[in-house]
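The values are calculated or read from the model by the stated rules, or taken from the named source; none is laboratory data. Please read all numbers here as calculations on a predicted model, not as lab measurements. Positions of Cβ are generated from backbone atoms using ideal geometry, with glycine treated the same way; all protein chains shown enter the neighbour counts. We work out accessible area using only protein heavy atoms, side chains counted, and drop any ligands, DNA or RNA first. Shrake-Rupley method; radii C 1.70, N 1.55, O 1.52, S 1.80 Å.
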Amino acid sequence: MVGRRGDAGHRVCVAVDLEGYGRRTDAGQERAQEGLATLLDTVWAATVPAGAVARQPNGDGEVALLGAEVGAEVVGAVFAALEEGLRAANRTAPEGERLRLRVAAGLGRARPARNGFAGGGVVRTCRVLASRVLHDALRDRPGADLAAAVSEPVFAAAARALPADEYRRVLVSEPAKAFRGWVWLHVGAPLPAPRGRADPVPDRAPAVGSGMRIEITDGGLVGTVVQAGELHGGLTLRREDRR
């Protein structure tokens, strides 16, 4: 069982959104909904036990909440099933009716509520799904069927079940929604750096100058001490032991 209203706990949340839905005709939207629902029915039946997922459809997408007994490692199987299902569906899709999905997976406090789901884990997952980073990723790869983003806790738990070397750590920043966080992004293959933008901040800054190492936690700015007029997050200066 996924849980009852008011139950609190950490859950895996998976949210999906269909690209280009509003550009379809009315009949095309109906066909897209049918194709998406059929795809998601197949994916969930193949990856989680019966009764272990609660689903909230919303026309061109869905938010799904998994039961407490389902670990984040299942996300690897879910993404693989989505990619396989999309390939099969699009192989015979008419021109202009190809299914292309954005998907986000997160882990956090979540529970069923009267009109869907409640909890910070659900909110953060949906923020990532709606982010410009994920929209741009799919737009910039017209040959891809799926753009996927996972939170850092999910990636840590599911890395062995994911093509981890094809994921790239990027920062999602949505000031209008007061949301900022790191995710791991995958779009069918390693994503090249978007033109005109800097590469994302690496996990660990390299050593600089005379054996001095700068370590910056999430939210910090990379650069030398002189360059960094303002630092956010944690900063540790440590001289390397050369003995």
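General remarks:
- Every residue from the stretch 89-106 that is modelled with pLDDT of 95 or more and open to solvent by 20 Å² or more (accessible area, probe 1.4 Å): 100
- Subset of the stretch 116-140 (residues that are of a type in the set (Val, Ile, Thr) and open to solvent by 30 Å² or more (accessible area, probe 1.4 Å)): 123, 133
- Flag: residue 47 does not match the condition of being without any contact (Cβ under 8 Å) to a residue 24 or more places away in the chain, β-branched (Val, Ile, Thr) and more than 16 Å from residue 18 (Cα to Cα).
- Close contacts from the stretch 76-93, counting a first residue that is acidic (Asp, Glu) and a second that is open to solvent by 40 Å² or more (accessible area, probe 1.4 Å) and not in a helix (DSSP H, G or I), with Cβ to Cβ under 9 Å and a gap of 6+ residues or different chains, come to 83/188.
- Note on the stretch 64-80: residues that are open to solvent by 10 Å² or more (accessible area, probe 1.4 Å) and β-branched (Val, Ile, Thr) amount to 2.
- The residues of the stretch 96-136 that are in contact with a Pro (Cβ under 9 Å, 6 or more places away or on another chain) and farther than 20 Å from residue 40 by Cα, listed by number, are 108, 118, 136.
- Across the stretch 40-61, the qualifying residues are those that are part of a helix (DSSP H, G or I) and open to solvent by 20 Å² or more (accessible area, probe 1.4 Å), and the one among them that is farthest from residue 161 (Cα to Cα) is 41.
- Selection count where residues are open to solvent by 30 Å² or more (accessible area, probe 1.4 Å) and under 22 Å from residue 36 (Cβ atoms), scope the stretch 141-185: 4
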